Structure formats: C-alpha cells, structure tokens
Amino acid sequence: MALNQFLILSAFLFCTGVYGVLARRNGVLVLMSVELMLNAVNINLVAFSAFVRDVGGQIFALFVITIAAAEVGVGLAIVLLIYRNLDSPDLDRVDQLKG
Amino acid sequence: MIAQNIAFWIIAVVMAAAAVRVVTSRNLVHAALFLITVLIGASAQFIILLAEFVGVTQFFLYVGAVAVLFLFGIIVTRAPMQPADYDNDQRWPALAVSLLLLGVLVALLIDAFGHQEIELSDDLLAIGRSDAVGNSLFRTFVVPFEVVSMLLLAALIGAVAIARRD
Amino acid sequence: MLRNAWLIPLLPALSFVAILLVGKRLPRRGAELGVGAVGASFVLACVAAWQWIDRVEGATGKSEGLRAFGKGVLGGEGGEGGEHAEVAVAPVTRGFTWWQNGNVEFNVGIAIDGLTVMMLFVVTLVSFLVHVYSTSYMEGDRRFTHFYALLSLFTASMLLLVVADNTIQLLVGWELVGLCSFVLIGHWWEEKPNADAAVKAFLTTRVGDVGLMIGIIVLFFAAGTFDIQAINAQAVEGEIGHTLLVVASACLLGGIIGKSGQFPLHTWLPDAMAGPTPVSALIHAATMVVAGVYLGARLYPVFFEGFSIDGGTINVMALIGGTTIIIGAALAFVQNDIKKVLAYSTISQLGYMVMGLGVGAWVAAVFHLFTHAFFKALLFLGAGSVSHSGSHHSFDMKADMGGLRKFMPVTFWTFMIGSLALAGIIPFAGFWSKDEILATAGQNEFTFFLVVGLVGAFMTAAYMTRCVYLTFFGEYRGHGEPHESPRAITVPLIVLAGFSVLAGLVNASALEIEKFKEWVEPTVAFPALEHPEFELAGAALALAVALLGILVSYAYWFRNLGPHGITARNPLARAGYTFLENKYYLDALYENVIVGSIKGAIARASYWTNQRVIDGAVNGVATGAAQVGRFAYDVLDQKAVDGAVNGLAVSTGQTGGLLRYVQSGRVQRYALMLFASVALLSLALFVFSN
Amino acid sequence: MDWFDSGWGLTLAIFLPVAGMVVVLAIPKAQEQAIKIVALLTTLATLAAGVGLLVRFDYDDTGDLQFEANKSWIDVIQSRYHIGIDGIALPLLLLSMVVTVACVIYSWDHFPAPHNPKGFLALTLLLETGMNGTFAAQDLILFFIFFELVLLPMFFMIGVWGGPNRVYASIKFFLFTLFGSALMLLSFLALFFLTEPHTFDIPTLAEAAGEGLVGSTQNLIFLGLFLGFAIKVPMFPFHTWLPDAHTEAPTVGSVILAAVLLKLGTYGFVRIALPVLPQAAEDWAPWIGLLAVIGIIYGALCCLAQRDMKRLIAFSSVAHMGFVMLGIATLTDFGINAAVFGMVAHGLITGMLFFLAGSVQERYNTRELSRLGGLLVQAPRLGWILGFCAMASLGLPGLAGFWGEFPAILSAYEPLEGLPVETFRTFMVFAAIGTVLAAGYLLWMFQRVAFGEPKPEFESAHIHDVHAPEWIAWTPLLLLIVALGVYPNLLFKITDGAVTGVADGVAKAIGG
C-alpha cells in the first residue's frame, strides 16, 4: 500500500477540521473540528509507525488520544461556562480580548 | 494487499464524506454522529495498518467516551438557534484557507513520499500487538506516560472546577 | 603634607556627608562641621604651601623658606633673584588605579605644584571665611543645614579639581562644581526666577563643557594619556601635531568660556546672583568661575602651542578675553543691583585673566586670579553685609541704599579697600596684578590688547566709583534701620581687606619682589616665558588711567557734573542705553531664539515625527495588512459589493489606528490569519526549495 | 563548594525564581503576606546565589567563561544546556537580581490595580528567570528561549496591571518584539545550517568568527540579528513601542523593562552579533553608529516635547541607549567597555527614575508635568532623590552615568581601524551635544516637578515623604550609583578582560 494514501486522507481530514475550526460559531462544533484534526494527526502517526517499523508512532498516537480526551473535557467545560455567561455557545460573542 | 486496499478506499471515502458533513451539518446531533463515523473509520484504518492496540483504544476511548461527552455537551448547551447561525461570517475565507492548506499539503506529500510503500507483513504485526506496545509504553515511555496521567487528572479537576456552578 | 594633599579636598567632602547625615541634630545645625572641616583644610593648605615654598627655595639654594616667605609677604628686602628658576622643581604626584579600559589603567591622583598650592590656599581661605560669614548671614534660613552641606561639597569639588593630576579627574571636579553652583544658586527655589537662574547656569556652562569634553578626548588621543604633566610635556616638546593642538585648545577654550563667564557665554553669571550672597562670593572669588582660568593655566602649554601665543599675533584666547573686559565693564554701568555690578565686574576681571593667558602673561594672569579672589570675595561679602544690616535684604542701590558709610563703618572701609584694589590703585593688590598683565601684553607686542586693558581699567575705576557712591554716599534712601553687621560678618571682611592690601606685594615687580613667580610658575613641562621688567612709564599710565576713571566718575556722581539725563534727550544715547540694558540682547537670543526653538518648535517637530511618521508607519503597516486581508476577503466573498459597503462602514467605525481591526478579540479571526500564514509560508518554502 | 563552581551555582541563580514562583502559585490567593514573604525570600536567595558567584568569580581571568555547565539537552538539533558567565555577563546578571529584589520590596504594600500580589509576584519571578537565563546562556537556542521567556510576563504585566491604554501598549510591545525575535531566530538557524560543524554553541561560533560564510550572507544574517536586538534596545527607528509600553506599564514593570530588558538587546550585540559575525559587524558599524547618534539627539528632542513625566523618562532611555550603541559601534575595547558600563549605569539610574515617577504618580495621581510642582516642599527627600537621579542620568561625573557616557564619546574619536574615522568623529560631536540636551530636559523636568510651590490643587493634599519600603528598595541602587561613579574600576575591572577578548577577536577577524 502506498504511504501517501494514508497521508493524503489525513491531510484531507485535517483541512476539513481547519475549516470547521475557522468557520463554525458553535463552541461544541469547533471542538468537534479540533477532534477531526487530532484524528488526522493520529492517522499520520500510525502510518509512519508502520512505514518506519517503529512502535514509537503508535505510542504517540496513544498519547494524543489521551490528551484529546482531556482536551474535550476541559473544552466542553469552557463552552459550558461561556454558555452560562452569555446564554449562547456562540464564539463570535466571545471577544473580551478586543482592544 | 488488494483486499486491504479496497477496504482502505471504501473507509476513506466514507470518512471524508462524514468529515465534510461534520463541518457542514446544520444539526448538532447529526454532526456528532458524523464525527463518530469518522472516528470509527480511523479506528478501522489503524487495524488495516496492523496497529490493533491503537485501533481498539481509539474505538473505546473516542467512540465510547468522547462521543458521549459531546452528546452531553450538546444537551446542556442546547441553545435556541437558527440553523444558519451555525457558521460565522468568515466561512468563505476559511474555505479558501483550508483548500489552500490542503493543496500545499498534498503537493508536499506527493513531492516527498510519492513512491514510498508500506509493507504490511508479520513483523509489522508484531510491533502493533498489545504486548509490544505495552512493553514500549511502560519501559521506554514510562515517564511521559506518568506525566500524561497527571495531565489527565489535572484536566479532570480543571474541568470540574471550570464547569462548577458557584 | 604635599604627598598627603588629598586630605585637603577629602575633609570638606566628608563634612558634606556628615552634615547631610547628622547636621540637623547638631546645636549649630551643621555649621560647626562645615567651618571646622574647611578650617582644617585651610590649615593643611597652609602647611602644604609652606612645604612647597621650602622645596622650591631648597632647590634654588635658599633653604630658609619660611623666612623668605615672611619677607616676601611683608615686602622686606627679599628678591635677591637671579639664580632661581633654572632648577627644575617637579610636582609632587601620587595616585592609584581608578579605572581601566582595554588593559590600560588610568590613575586618579594628585599632582601638587606651585599653581596647585596657590589655588589650595586661595580656595580654602575664601571658603573658610565664607563659611564663617554664613553662620551669621544665613542664620534662620529655612535650609541652613542644607546650605552648609552644599557649601562644603562646593569647596571639596573645587579642591578636587585643583589637585587633579589628570584631565578626567579635572572634568569630574569641574562638573561637580557646576552641580553645586546649580543647587546653591537655586537655594531659594520656591521662586521661579531663582530656579530658572540655576538651570541657566548649569546649562550654559554645560554648553561650554562639550568643548572641554571634546578637548580632553582630542588630547587623550594626541598624547595617549590623561595625565596633565605628560600632556604638557609632550605639548612643549612638540610631540603633538600642531593641528591637533589647535583643535584641542580651541575646544578647551570653549570650556573656559562657559565656566569663566567669557563672552558670549557670560550671561549666566549675573543671573547667578539669585543665590545667597556668600555663594556669590564663593562662586566669583574662589570656585566655579576661576576653574576656567585655572584650566587655562594648568594646560597652558597646550594653549601656548595651539594658539601660537609667542607669535605676537592676535589669537582667539586674547580676543575673547579682551572682548569680555569691555562688554562686562560696559554692562556694569547700567546696573542698579549692587551684586550685578560686582557680577559684571567679575566677568570683566576674568576677561583680564583670560586675555593675560592669551598674551603670554601666565604669571600675571594667575597672579591676578590670586589677588582678585581676595578683593572680589571682599566686595561680595561687603555687599552681603550691606543688604544684611543696611538695606533690608535688598540689593537695589538706587532704591534702598545710600549714605550707609555713617551706619556701617567697617563695611564701608573694607568695601572701599576692595574697590580700590579692583580699580587698580597703588598699593592695593589689584594694581600689581593688573599692571603686570598690561606690562606683559606691551612687552609681547600685543599693543591692541594693551589698549583694551587700559580702557578696561578706566571703566573699572569708573563704575566702581559709581557703585560706591550709590551705596555709601548721599542720603539714605532705604526704609530700614541700618546698623553695623555682627562680628561673624565683619571679621571675614577685615581679614579679606588685609589680604587685598598686602597680597599684591608678593609679586610687586616695582619693588623687585618676584616671589609669586618663583613659587608658582612651573619649571617642568612649561614653555619658556618672557617676564617683563618693571617699567615706570607703563605702570604710571595704568595708574593714571584708573585715577582718571575715578575722577570722571567722581565728577559725574559726587559733583553732579556732565551730561546728566542725556539718555532722555539724545536718541542715540538712549539707544545705546537700551542696548546695554538688554545686555546686548544675548539673553533674548539664547533664551527665546535658541532654547525656545529647541524646546518648542524643534522638539515638538521631533515628537510629531515620532508619533505621526514613525509610529504612523508602524500603525500603517498593521492597518495596511488588515486592509489587504479585508480586500482579499471581500473579493472572495460572493457578496462583494455588499461586503464592500459593510466593510466601509465597519472600517470607518474602526479607524482608531493600529490593531483595532486585527485586534477584533475574536479568536477565530486570529486562527484564520494563523492558518493562512502557515499555508502561505509552506507554499513559499515548497516553491523556493524546488 | 565544588558543586557551586561546576555550573550548579549558576543554574541555581537562574532557576531559583521559577521554584519560588511555583511555591507562590501554590499558596492560596488570600494569604498575601505569605506570598510576599516567599517571593521576597526567593529573590533574596537568588541574590545570595549571585553574590556567591561574585565572590567566587576569578577576577584574573574575566575573559573566560566561569561556572560553566555544558550538558546535553536537545540532541536532535544539537542544542546543549550550555551556561556560563564571563566579565560581561556577571555585572548584568547581578543587576537583574538587585533590581528584582528592589522591585519586590517596592511593591510590598502598593500593588497597582487590580491588586493581585500573587499573579504579580509570580510574573516578576518568572521574569527574573528569563533575564538571568539570557545573561548566562551560551547556546543560541537556550538564549532564544530565555529571551522569549521574558516577553510573556511583561506582556501580562502591562496588559493587566497597566494604565488606561494598556491593551494597545502591551500588544504593540508584544508584536514588535516578537517580530524582532522571529528574524533573530531565522538568523540563528541560518548560522546553524551555514556553518561547519552545525552548532548553536556561542563560544564555538565566536571562535570560528564567521569563517566560511560569504560576506553577503554574513551581512544578511547580521541584519536579522540586528533587527532582533535593535528592537529590544530600542534603537531609532524601532523605538516606538517603548514610550507606550513604559507609560502604560505599572511602576515595577517599567523599572524592570528599563533596567534589565533593554539590556538584553545590547547584551545580544556584545555577546552574539559582534563575536560571531565580525566582518558583517564592521560593514554595519557606521550605520549602527548613525542610528545611535540619531537616537541620542532625537530621543532628547522628543523628551523636551513631553508633558508626561514617565514618557519623558522613557524617551530619555532611547537617548541613553544611543550612547551604549555608539560605544558598541566603534568595535573597540574602549567603546564596548563603555557600553557595558553604560548598560549597568542606565539600569540603575533609569530604574530609579521610574521608581520615582511611580512614587510621584502614586502621591499626586498624575504625571502631568504642568500639574506638578513643589515636590521639594511637600516631600523634600523624594525631591532630592529625584534631583540626584536626574543628575546621575545627565551624566554628572562622579556618578555612574558618566562612565558609560564619556568613554563612549571618547571611543568614537578613534573607532576600530577600517571604520570611517571622520564619520565617527562627527558622531562624537553630536553625541557630546546630546549631553547638553540631556541636561536640558532632565533639569527642566526636575525644575517643573520639584522646584516652586505646590500647585493649588495639591496644596492641602497630604503628601507623605519616602516611606520604609521605598527606602529599603532604593538605598542599594543609590549607593551603587555613587559607588560606581566614584570608583568605576569596580566594574571596569570585571568587564575589561572579557571585553578586550571580544574586541581582539573582532579586530583579528577583520584584520585577517
């Protein structure tokens, strides 16, 4: 099997995720898109692990999965907080950083 | 080889389609379900790559835990929203940027790894098995492992602290 | 003692610190510390002077130095002269590493020779008397302790400058003197004019210091050292190129002009009268302004070679000095403030010294510095005494003085002695020194400057007569009850009067006493100078001119002869008077035109450039980038027109400047830019690497 | 004490503040007293480590790295944990420690709004690690990391505790410096890839002195380094972030910014840019000198136009750092020594001036020069300290400022052989004129603030004089200003050997 078919699939998923992160308003949806990107990375890691025949890539994929879980937990908590404070999960309204 | 190839392409197309739907769907629950599809697909891809431990972990952790978490999130933040509100005003630049990024990535990948093949043989199977992964995880990578467990704990506490109603 | 002369500046410096720390808690609020320390310095300076004289006399074969000193001062049968000055008496030096740079070590240290010893004596004496005087004069002042602390520091800085064996240390003392003058002139800083005068004094001298600094730098690279003796030696022996010497001496002259109040930077000196009177006395007699002359005398070989003084042609130094004599004296005529009269007379007398240096009359110039210190200190302290006890703290001669001779006899007589000394009347100190400057100028064929000096002498005598008349004669015009000053004030006056009478005899060439020259003039690393023989005709001429000045003035003021009120009748005379009253419009030029434009227009223009052009460019880049992004976005957007309209509206609302757009506060916008840049950068990398 | 000399002492000096920060973060927010004490103890312990370094430093061999540690760190890119200090780094390291202690003491009971000692002190401690690390790093990547580490706490300090326009100022500060560091990193990478053997080790690179690099490449790399450091210094025309950042920053932020952060840029020139790329340095030196002199005059002129006390001091930094850069641009041992002295002196003096501006603002709630006046009447000690610092800042001999200024002007008379002498002499004259302008604006400020009677609006206000924390924080700085001014060899003796080494290296590389 070509290495590239995995990598390109991963690239596609990643870019889809990027689009989602950039274009979605709902916090939950943005988090989902982040998950897509992380998954793309995982596919990359595992594909390279198989390519170079080293278990390291898989271990990293495991770490990414773990951290993604943590990230979703905290991320959802933040979205919940935003929702509670602004009565909507709309990220456009989160602009307290504005100068 | 051909069988795996066919499986890959079918799953890949499904994943791609599902991924697109995740970011375009106008219904939160649908989006979550499409995400689960993608995740399951990824798990399948891992198994095609003979990384069975990672594949199984992916399935349990993501499909079992993360997806459920998302559904909970959707439930508690159910906001009265018009479907059109799901996208913000920079939809088109976002599309342009992601397409540009995709193009660059694909070009780079083809340029760099155009003729590389992954050989799916028994020795590959050997390193994807639970015992191999486990050995590696608890010998070579034991310190990062512990750090990650601390991180998880911290994230758990953090999530509780953030979401707690004061 | 000579090797331990560093103690002399150290004592007042320590007293400065001590007064600051504990002065307020002492019974006399710190004055005792200052008086004590400076008094001790004075004693040490006397010892040093004695030892130096002993050393010189020993070298010239006359070991009984003290006796010779006594004879010299008392005008006895000294001056067997002749065989001296052939034997070189090297300065006593001592130092240690102060700083190092580029593996070269630079010393801080002392170099004691006749000039230094003379200055030590003068500075400590005058400063000691001023300290004593101030105990009464400044009594009850709101910042009495402070005043004493700074007086001590002032003395210490000047002494530090005097003992310096290298130019850097000299610069340090020089600037510290400037600092102290700043604080003391601004002693009563609650009133704005005083604060302004302080700032003006510091800034004006600082302009001159640019020259001093560059001059020191040029000399350092020309001679490879900061050591004054070494620089002098190289200058004398012609080891330094003439061009470099010209540049160096011209730059150093800038420093002298600033510090010694020479034309055209003299304008700060009269304003400096804003300080307490004892400070004025100190500034004008012993510290600060004589620092410039001292610099000229100290580095004389540099000036001598640089300006080709032995050539007998007009040089900048003499020209500046000569100009200053005349313009200073002219201004003294139109002042009503007694201290300002004295201030302009100082300017004029400093002009004599600088001119003296410029015409090769080194001994005479330094001698004039020596005598001038006594009678000018005397005059200032006398003026202070008048205002303290006679005129109710006013210095206005016309409004608040007159007829004081009856009420304050001691002040009157001492003031008279000072005035006669200043006017150059035999046998007072000023006569001997001024005459010697003129004699040397004549002998070295600087005829022009001889004439200038004579004119100056005439004017000096005349304006001092006017000053004395307005202050002490006629009817009392003030509103207080004049009385004689207390003893702390009169005793210093009497001491100084004594010196004003006798000091000239140390080098009375008419009596063939040349002790001053013998003791003070360096014999090592010094150009061979011609010394004039006493000429009766020349001295008589100078004396006659001075007497004429007194006579004319006497006729005008006492006898009411001459064209009184001419300024009201004759437009030309009025114009001249106005010109003088406005101090040649130099102040207007400096303050309004130069300082005004720098502080006003130029500074504002720079700041405008900063805010609009440079910062504007920065903001512009940011806004521009945002605009480009916005434009691309609109084109990509299907609703191009709509977007443009909206965008216009939005951007009008956001034309606040930098980052208002970029800084939308929306994370996703930041992320968009982030990813776009990553994509573009990777694209660029990809394209360029292939 | 072997452990101390073999790199642990220095490591301790760098990382103690971070340890302290962790402890501070662990203490609950409410226990302010405990937080302050921990922070103070940490900075004092760090200072003690610094004093240890000072005591055990070998002054006969200031040109060589001491207390060196060289351990493997990121092997993949051959970056090593290489730290060590020589005579140039030691004074700056100590300056950073002393200033931090002073800052912690100064802010003891007046934290700016929003009063949050925990966050504030934690950031201060983090800053200290960044600063100390930068001065000790001998590896480009390590240097870069510490250099950038400083950015973040300062960003938050300005952005959270700053004045009314703080967000604009903090973002401007951040973007400006980030832009510079990006170019700097690019240059570091170029150095790594274009030299043999590939290394980030500063001493090794300095040893090679740009060998094997084409002139134009050297010049380009130097340009990157130049921009990175010049923005930090800041040199004209990259200085516009400085007045905004200083004006908006809280007092302690301004002090650290002026006293230490600006030195990171000049230190970078002396430590990295000159030794590693001497030929390019020679090509660029006249331009650096030109910008430095423009900075001197221009900064002074801008000062004269200011109405805000703090902004005036900020612009005076531009002028003073011009003297430092002029010294560096001459490429001579004289000039670089002067520059190092100037850095320390400017750190002490301008640090003090910002403290004073902060104290004045705290008492009057304004920094408008036109509203101030009569400080000497209401708070005489504060007023005289202000006068003292103004005098030190205008380069009065006998105080520290002079020894940075005068030798720098001096060195411009005769720059390194090969540099245009006439040009530099012109620079010298302008720099000397700059000292008059400096006297002008500082005296003017002093007169406006301290002399005269208090303005009617503050006449009845109770203005308390210098209080205990201020005394404790300021006394060491004031004493150092006097000590260094009276006996400059205290510092010159330390720096001279190291500077001579750098200057000789540059001269040899250009000559050979």
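The values are calculated or read from the model by the stated rules, or taken from the named source; none is laboratory data. Just so you know, these numbers come straight off a predicted model, no measurement behind them. For neighbour counting, all protein chains shown are included, and Cβ atoms are generated from backbone atoms with ideal geometry for every residue, glycine included.
A few remarks follow.
- Test result for B:SER149, part of a helix (DSSP H, G or I) and either surrounded by 13 or more Cβ atoms within 10 Å (Cβ to Cβ) or among the aliphatic types (A, V, I, L, M) (or both): no
- Considering residues of the range D:316-334 that are assigned to a helix (DSSP H, G or I), closer than 21 Å to D:TYR298 by Cα and not hydrophobic (A, V, I, L, M, F, W, C) only, the residue farthest from the other protein chains (Cβ to nearest Cβ): D:HIS320
- Residue list for the range B:104-146, filter: closer than 22 Å to B:GLN4 by Cα and not in a helix (DSSP H, G or I): B:GLY114, B:HIS115, B:GLN116, B:GLU117, B:ILE118, B:GLU119, B:LEU120, B:SER121, B:ARG129
- Residue, nearest to the other protein chains (Cβ to nearest Cβ), within the range D:170-194, restricted to residues that are under 18 Å from the mean Cα position of the chain (by Cα) and of a type in the set (Gly, Ala, Ser): D:GLY180
- Yes/no for A:GLY57 being assigned to a helix (DSSP H, G or I) and either under 20 Å from C:ARG669 (Cβ atoms) or facing chain B (nearest Cβ under 7 Å) (or both): no
- Evaluation of D:GLY398 against the conditions (1) assigned to a helix (DSSP H, G or I); (2) at positive phi; (3) not acidic (Asp, Glu) shows that the sole unmet condition is (1).
- Residue that is more than 12 Å from the chain's Cα centre (by Cα) and away from chain D (no Cβ under 14 Å), where the choices are C:GLN229, C:GLN262: C:GLN229
- Boolean, D:PHE192 is surrounded by 17 or more Cβ atoms within 10 Å (Cβ to Cβ), touching a residue at least 12 places away in the same chain (Cβ under 8 Å) and in contact with a His (Cβ under 7 Å, 6 or more places away or on another chain): yes
- Residue count for the range D:193-203, restricted to those that are in contact with a helix residue (DSSP H, G or I) (Cβ under 8 Å, 6 or more places away or on another chain), assigned to a helix (DSSP H, G or I) and modelled with pLDDT of 85 or more: 1
- The number of residues in the range B:25-50 that are farther than 30 Å from B:THR77 by Cα and within 15 Å of the chain's Cα centre (by Cα) comes to 4.
- Candidate set from the range C:239-285 (those that are surrounded by fewer than 23 Cβ atoms within 10 Å (Cβ to Cβ) and of a type in the set (D, E, K, R)); member that is nearest to C:SER387 (Cα to Cα): C:ASP271
- Looking only at the range C:181-219, and only at residues there that are polar (S, T, N, Q), at the interface with chain D (Cβ under 10 Å from one of its Cβ atoms) and under 16 Å from the mean Cα position of the chain (by Cα), the one that is farthest from C:TYR148 (Cα to Cα): C:THR204
- Given (1) farther than 21 Å from C:ALA13 by Cβ; (2) in a helix (DSSP H, G or I), index of the condition C:TRP188 fails: (2)
- Evaluating C:ALA330 against the criteria (1) of a type outside the set (Phe, Trp, Tyr); (2) buried (at least 22 other Cβ atoms within 10 Å of the Cβ); (3) over 23 Å from C:THR116 (Cα atoms) leaves one unmet condition, (2).
- Hey, D:ALA412 within 11 Å of chain C (Cβ to nearest Cβ) and either part of a loop (DSSP other than H, G, I, E, B) or within 21 Å of the chain's Cα centre (by Cα) (or both) or not: no
- Cβ separations smaller than 6 Å between residues 6+ apart or across chains give the following pairs from the range D:363-376 residues that are surrounded by 14 or more Cβ atoms within 10 Å (Cβ to Cβ) to residues that are assigned to a loop (DSSP other than H, G, I, E, B) and among the hydrophobic types (A, V, I, L, M, F, W, C): D:ARG363/D:ILE463.
- The set of residues in the range C:556-568 that are part of a helix (DSSP H, G or I) and modelled with pLDDT of 70 or more comprises C:TYR556, C:TRP557.
- All conditions but one from (1) at pLDDT 80 or above; (2) facing another protein chain (nearest Cβ under 7 Å) apply to B:VAL76; the one that does not is (1).
- Subset of the range C:223-272 [over 15 Å from C:GLY296 (Cβ atoms), charged (D, E, K, R) and either assigned by TED's automatic domain parsing to the domain that holds C:ILE594 or in contact (Cβ under 8 Å) with a residue 12 or more places away in the chain (or both)]: C:ASP227, C:GLU239, C:ASP271
- Those residues of the range C:148-177 which are outside any helix (DSSP H, G or I) and closer than 19 Å to C:VAL17 by Cβ, in sequence order: none
- Check on B:ILE40, more than 9 Å from every other protein chain (Cβ to nearest Cβ) and under 20 Å from A:ASN4 (Cα atoms): no
- A single member of D:TRP403, D:TRP474 is at pLDDT 85 or above, more than 12 Å from every other protein chain (Cβ to nearest Cβ) and under 18 Å from D:VAL344 (Cα atoms), and it is D:TRP474.
- Of the residues making up the range A:29-47, at least one is at the interface with another protein chain (Cβ under 7 Å from one of its Cβ atoms), touching a residue at least 12 places away in the same chain (Cβ under 8 Å) and over 22 Å from B:ARG21 (Cα atoms).
- For the condition modelled with pLDDT of 85 or more, buried (at least 21 other Cβ atoms within 10 Å of the Cβ) and of a type in the set (Val, Ile, Thr), D:VAL506 qualifies.
- Of the residues making up the range D:436-471, those that are in contact (Cβ under 8 Å) with a residue 40 or more places away in the chain, more than 8 Å from every other protein chain (Cβ to nearest Cβ) and not aromatic (Phe, Trp, Tyr) number 15.
- Checked against (1) within 7 Å of another protein chain (Cβ to nearest Cβ); (2) modelled with pLDDT under 85; (3) under 30 Å from A:TYR83 (Cβ atoms), B:ALA94 meets all criteria but (2).
- Test: residue in the range C:286-302 that is at pLDDT below 85, surrounded by fewer than 23 Cβ atoms within 10 Å (Cβ to Cβ) and not hydroxyl-bearing (Ser, Thr, Tyr): no
- Qualifying residue in the range B:119-127 (condition: crowded, with 17+ Cβ neighbours inside 10 Å and under 22 Å from B:GLU52 (Cα atoms)): yes
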